[in-house]
Amino acid sequence: MSSATTTRSGMPSTVATTRTAVGQSAFAVGSGPGVVLLTSSWWSRPVRSVDLEPRDLPDRVCLDGQVKESDMLVQLADWCYRQRRLVVVLWIAAVAAAFALASSFGGEARADYLHPGSESQTASQTLQAKFPERSGDTLQVVLHSEGGFASAAVRTRAEDILADVATDPHVTGVASPFSQGGASQISRDGTTAYALVALDKTADEYTPAEAKALVEPVVAAGDDTLRVEAGGPVATRSQTPPAGGEGIGLGAAALILLFIFGSAVAMGLPLLTAVFGLGMSVALGELLRRVLDVPDWATYTAAMVGLGVGIDYALLIVTRYRSSLAEGRDPRRATLNAIATAGRAVVFAGLTVVVAMLGILLVGQPALVGFAFTASLFVLVTMTASLTLLPALLGFTGRNIERLHVPFVARNQHAYDTTRWYRWSRFVQRRPWIAAIGGLAVLLSLAAPLLGIHLGTPDAQNDPKSSTTHQAYNLIAKGFGPGFSAPMVLTVQGAAGTELRAATDTVAKELAEVDGVAAVSPALVNAAGDTAVLTVVPTTSPQDKATEDLIDTLRDTAIPDITSGTGLTVAVGGMVASDLDVTRGVAERLPLFFGGVLLVSFLLLMMVFRSVVVPLKAVIMNLLASAAAFGVLTLAVSGGPLGNLVGIPEATPVPILLPVGIFAILFGLSMDYEVFLLSRIKEEYDRTGDNAVAVADGLAKSARVITAGAAVMITVFVSFVLGQDVFSKMFGIGLAAAVFVDATIVRMVLVPATMELLGDRNWWLPGWLDRLLPNIHVEGSEVTPDDDTTPPEPLVPTAPVPAGAGAGA
């Protein structure tokens, strides 16, 4: 016996009488995919819920209106929407508390750039253990007087400056050009001299403020008769540019969002969400420094990435919210629908970015570990803000999201099939071969310059021309030679006392005869007499390929030949050798890094889109986009017209850590756009079953938000280029080019063209693999009017009346 009733929400409900396994009478009451069984002993047993043929029911809703556990994201969003005042207060309090903790317990920026197991690391560790007064970096104080140092007044002024430098607590010694044996530190024309200031810390152990406190008074001591400049890693650190690009990025993003949305209110939501996420991330990043070594540039770089993805994620959700309002939903259901669809894509995209960033750990470079965790933290926090704070803000905004409309943008949203993106999608579908071949040709053309990339480390000659390090380099190069700006440091062990000194002097004499060596300093022996140090000056600049060749010659042939049979152990270290070891050490692990990131991303995409072809295409296209971006970067640092445009007029080597970081960030961001586009295409495919329609409609519906998000990203990354630091410029160029290529040529041309050519084969997945893989629903499903997550009135059942019982029984 059964009868149909209607639930409080208006959904048909079935009340049925059935038999339980133990023979008791039971009443089945159900709506949607869930039913409640009420047995005759319901008063003494808990009510239990079961599913009856959920595949035949439209939505994942239980009898009491609650979304199932798999829709916890929607439940969270609904709670944030209904408790919006509390959520905003909690976010404000959390940010304030995080900054308070950061001010009390935040750590200092520090990093170790020595490559594990390298010869330069061995030399550095030997100095720290056996020669601590020589284990720090060296500050080069360069003195220049047009009249020369024959003048007693000029000479006395120079000596006073060096005496002041020696009073710094971190200075362990000053090798003055005016001391006994210092004549070689004065140029042949007598106008330039340099002093070597030994420090007890490396540049990485200095904060920018500490480095400024040491360097700036020295440089400021110069006057018209005596010019003073500073060189070396600590001097470079003193010129660390202050953060501030976030403001430029935010301003540019505001203009783009205003143009996209046409409303100041809609524009403000992504920005406000991103600012909250960015503030929380910065504070937590300071706390992260207490437990990890984080380089000084990591927070600034991660902040730019976090700002970009934060705006992107909020933009995607707000766009879906506005579309839901236009379709007639009320603000609450529009919010839940946006989270149920776009929110799922945001979660997966954010986690994919984190996977790509953590893939940096496979490189094995200690300095990048802190950056990987810092960038991951920023992405996770901004993603959380989009999923919790944004629904609360949408609750305050409601239908007023279109308020404060700007006059030059249409007020009403056009139907997607009347937009230029819809026409573009149809154009690509009509000519898929032309689009695919043309897009591939453009990518290969952009990638071609990558074949000539010079991996290395820029030196002081690439610093801004007005900087003291650049001026010091020019004076040293003119007066002594380019190699004097970054000499190599050799440690010698294997003998003791006078025997060690004599053996080291012999080594120095032999090394001075090696081609490419300009000078070798006399041996310095530590107090224990078991370790000696030599300084070898090359004839070429630190970034010159000939300097790298000289290091190889010293390590592979010259030193082994000289020390053969002597029992001496010699390790070649110093800044140039360390940079070379990092470049080669990271290069050896690049296949592991690339392979690990690509494999994990492939598996994640395969689980999401239930296809082998889609993730395979995504991996290949992302590699092509990365190659194109690196090709543009190579072109920019080659000293041509593009280099002049971006402020890199001379040929400059690219640090290998830069492509690693760019690839990780690009791959994460490209997966964002891949998920945004394909989740919409998959959503349309599941709805229509027609691949051609799904590709066209999915592209038309997502292209606007993808291009808007890419435009925001590009402006954020271009703000790097506006600075003076060459590393920041290269980073900005690489990322801006990568995002532009990925969001245009790849997402708007190659993806739809190849999907049209492959047809239904896009969604091919072997049955055995389908059963093996876990199911991840990123495309989500729209929340229908029946998906009410508001807790209903409690259901109070009454005891069933047995058949035939009278009213008075």
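Distance between Cα centroids, segment 117-137 to segment 634-663: provide it in whole Å.
Each part reduced to its Cα centre gives a spacing of 32 Å.
How would segment 222-314 be classified by its alpha-carbon gyration tensor: rounded, prolate or oblate, with rounded meaning a/c under 1.5 and the a/b versus b/c comparison settling the rest?
oblate
Using modelled amide H (1.01 Å from N, peptide plane; none on Pro or chain starts), what sits under 5 Å from the amide H of residue 518, excluding residues fewer than 5 places away?
Amide H to amide H, under 5 Å and 5 or more residues apart or across chains, residue 518 pairs with 537, 539.
Counting only residues 5 or more places away or on other chains, whose amide H sits under 5 Å from the amide H of residue 194 once H atoms are built in the peptide plane?
143
Output wanted: per-residue J couplings in Hz (rounded whole) for segment 468-480, from phi through Karplus 6.51 cos²θ - 1.76 cosθ + 1.60, θ = phi - 60°, x for Gly and Pro.
For segment 468-480, the Karplus-derived couplings read 5, 5, 5, 5, 5, 4, 4, 5, 5, 4, 6, x, 10 Hz, x marking Gly and Pro.
Testing the spin-label approximation: label points 7 Å from Cα along Cα→Cβ at residue 224 and residue 259. State their distance in nm.
So the two model labels end up 5.1 nm from each other.
Among 226-239, 711-724, how do they line up from the highest to the lowest mean number of other beta-carbon atoms within 10 Å?
Per-residue Cβ counts within 10 Å, averaged per peptide and sorted highest first, yield 226-239, 711-724.
Provide, in order from the shortest bin, the percent of all Cα-Cα pairs of segment 73-123 in each 5 Å bin, continuing until the bin that contains the maximum pair distance.
So the P(r) values, bin by bin, are 5, 15, 11, 10, 9, 9, 9, 9, 7, 7, 6, 3, 0.
Relative to 2.2 N^0.38 Å, what does the C-alpha radius of gyration of segment 321-363 come to as a ratio? Two decimals please.
Rounded to two decimals, the normalised Rg is 1.70.
Pulled fully out, how much extra length does the chain show between residue 587 and residue 167, if you take 0.36 nm times their separation in residues and subtract their Cα-Cα distance?
147.0 nm
Lysines within cross-link reach of residue 201: Cα-Cα under 21 Å, excluding same-chain residues under 8 positions apart?
Correct list for residue 201: 130, 212.
Compute the Cα gyration tensor for segment 620-753, then decide on rounded, prolate or oblate, letting a ≥ b ≥ c be the square roots of its eigenvalues: rounded whenever a/c is under 1.5, prolate when a/b is larger than b/c in the other cases, and oblate in all that remain.
Since a/c reaches 1.5 and a/b is larger than b/c, the shape of segment 620-753 is classed as prolate.
Just order 591-598, 606-613, 86-93 by mean Cβ neighbour count inside 10 Å, highest at the front, would you?
With the highest mean Cβ count within 10 Å placed first, the list reads 606-613, 591-598, 86-93.
Around residue 654, which amide H atoms from residues at least 5 apart in sequence, or from another chain, sit under 5 Å from its own amide H, with H modelled in the peptide plane?
Excluding prolines and chain starts, which carry no amide H, the hits are 454, 455, 456.
Accessible area per residue of segment 131-276 at 1.4 Å probe, in Å²?
It amounts to 43 Å² per residue over segment 131-276.
How would you rank 309-322, 448-461, highest first, on the average number of other Cβ atoms within 10 Å across their residues?
Highest mean packing first, the order is 309-322, 448-461.
Take the Cα pairs of segment 713-776, get the Kirkwood Rh, then feed it into Stokes-Einstein at 10 °C and 1.306 mPa s and tell me D in µm²/s.
Translational diffusion coefficient: 107 µm²/s.
If R₀ is 30 angstrom, what is the calculated FRET efficiency for the pair residue 100 and residue 327, using the beta carbon separation as r and rounding to 0.05?
The computed FRET efficiency comes out at 0.10.
For segment 571-650, what does the alpha-carbon gyration tensor say about shape, rounded, prolate or oblate, given a ≥ b ≥ c as the root eigenvalues, a/c under 1.5 as rounded, and a/b over b/c as prolate?
Here segment 571-650 falls in the oblate category.
Provide the per-residue ³J(HN,Hα) series for segment 205-222, in order, calculated from phi with Karplus coefficients 6.51, -1.76, 1.60 and θ = phi - 60°, each as a whole number of Hz, with x at glycine and proline positions.
Coupling constants for segment 205-222: 8, 8, 7, x, 5, 5, 5, 4, 4, 7, 7, 4, x, 5, 5, 5, 6, x Hz.
Could you name the lysines whose alpha carbon sits less than 19 Å from that of residue 682, not counting residues in the same chain fewer than 8 places away?
The reachable lysines, counting only those whose Cα sits under 19 Å from residue 682, are 617, 701.
Which of the listed residues, 178, 118, 88, is farthest toward the dipole's positive end in segment 82-179, when Lys, Arg count +1 and Asp, Glu count -1 at the beta-carbon?
Result: 88.
Specify which residue in the list 390, 437, 451 is farthest towards the positive end of the charge dipole of segment 344-485, using unit charges on the beta carbon of Lys, Arg (+1) and Asp, Glu (-1), about the Cα centre.
Working it through, the farthest residue towards the positive pole turns out to be 437.
From the phi angles alone, apply the Karplus equation (6.51, -1.76, 1.60; θ = phi - 60°) to segment 677-683 and give each ³J(HN,Hα) in whole Hz, x where the residue is Gly or Pro.
Per-residue couplings from phi come out as 6, 6, 5, 6, 5, 5, 4 Hz.
Considering only protein heavy atoms and a probe of 1.4 Å, how much of the accessible area of segment 638-708 is carbon and sulfur, as a whole percent?
Accessible surface attributable to carbon and sulfur in segment 638-708 totals 56 percent.
Using the 2.2 N^0.38 Å rule of thumb for compact globular proteins, work out how segment 324-481 stacks up: its C-alpha Rg over that value, please.
Working it through for segment 324-481, the quotient is 1.68.
Pulled fully out, how much extra length does the chain show between residue 454 and residue 757, if you take 0.36 nm times their separation in residues and subtract their Cα-Cα distance?
Result for the pair: 105.3 nm of gain on full extension.
The values are calculated or read from the model by the stated rules, or taken from the named source; none is laboratory data. Values in this document were obtained by computation on a predicted structure and should not be read as measured data. All Cβ positions, glycine included, derive from the backbone under ideal geometry; neighbour counts span all protein chains shown. When the accessible area is computed, the model is the full protein with side chains, heavy atoms only, and any ligands, DNA or RNA have been set aside. Shrake-Rupley method; radii C 1.70, N 1.55, O 1.52, S 1.80 Å.
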